[in-house]
Amino acid sequence: MKAYDPDQLNLFYDFRPLVPAFDKPVESYTRVQDKLEAAAAKNQSLIRLQISYGGGESIIKIQTKGDGATGWRYLRKFNDVKEAKDTYAEMLKSGDYAEG
């Protein structure tokens, strides 16, 4: 080890390759609100898969424009991650839902 080696003394050394992925202009991000409005124009709802890595339940959440509700609501819960992923893929293929 060299004395005062900046690569070894930098606390964020391992994360430096990841920083450019997060360091982009705000305008380049896609807002959920924009996705929701685009889905509503096609008469679709947004769905999102929340996978549980700790052995709990995996959840498919839904958000629909104009139903009076705000935020994401639980649509279905699964104890098996594979079943949750398969159901999520089938729901996206149906055309009634868009990925949120």
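Values quoted throughout were computed directly from the atomic coordinates according to the rules given, and no laboratory measurement underlies them. Predicted model only: the values in this text are computed from it and were never measured. So basically every Cβ, Gly included, is an ideal-geometry build from the backbone, and we count neighbours across all protein chains shown.
Filter the chymotrypsin sites (Phe, Trp or Tyr not before Pro) in segment 50-100 down to the DSSP loop ones having no more than 11 other Cβ atoms within 10 Å, then list what survives.
Tyr53
Using a basic spin-label model with each label point 7 Å from the Cα along Cα→Cβ, how many nm lie between Thr70 and Thr30?
The modelled label-to-label distance comes out at 2.5 nm.
When Lys and Arg each count +1 and Asp and Glu each count -1, what net charge do the other residues less than 14 Å away from Tyr53, Cβ to Cβ, add up to?
Around Tyr53, the surrounding residues sum to 0.
Out of residues 5 or more away from Leu75 or on other chains, whose amide H comes under 5 Å of its own, with H placed 1.01 Å from N in the peptide plane?
The list, which skips near neighbours in sequence, is Ile60, Lys61, Ile62.
Which part of segment 75-100 falls in the paramagnetic zone of Ile51, meaning amide N under 18 Å from the point 7 Å along Cα-to-beta-carbon?
Only 76-93, 99-100 pass the distance filter.
Take every Cα pair under 8 Å in segment 31-99 that's 6+ residues apart, average their separations, divide by the length, and report that relative contact order as a whole percent.
32
What base-10 log of the normalised intensity I(q)/I(0) is obtained for segment 31-99 from the Debye formula, alpha carbons as equal point scatterers, at q = 0.16, 0.20 Å⁻¹?
After summing over all Cα pairs, the log10 values are -0.54, -0.79.
For an R0 of 30 angstrom, estimate the FRET efficiency from the Cβ-Cβ distance between Ala41 and Glu90 and round to the nearest 0.05.
0.85
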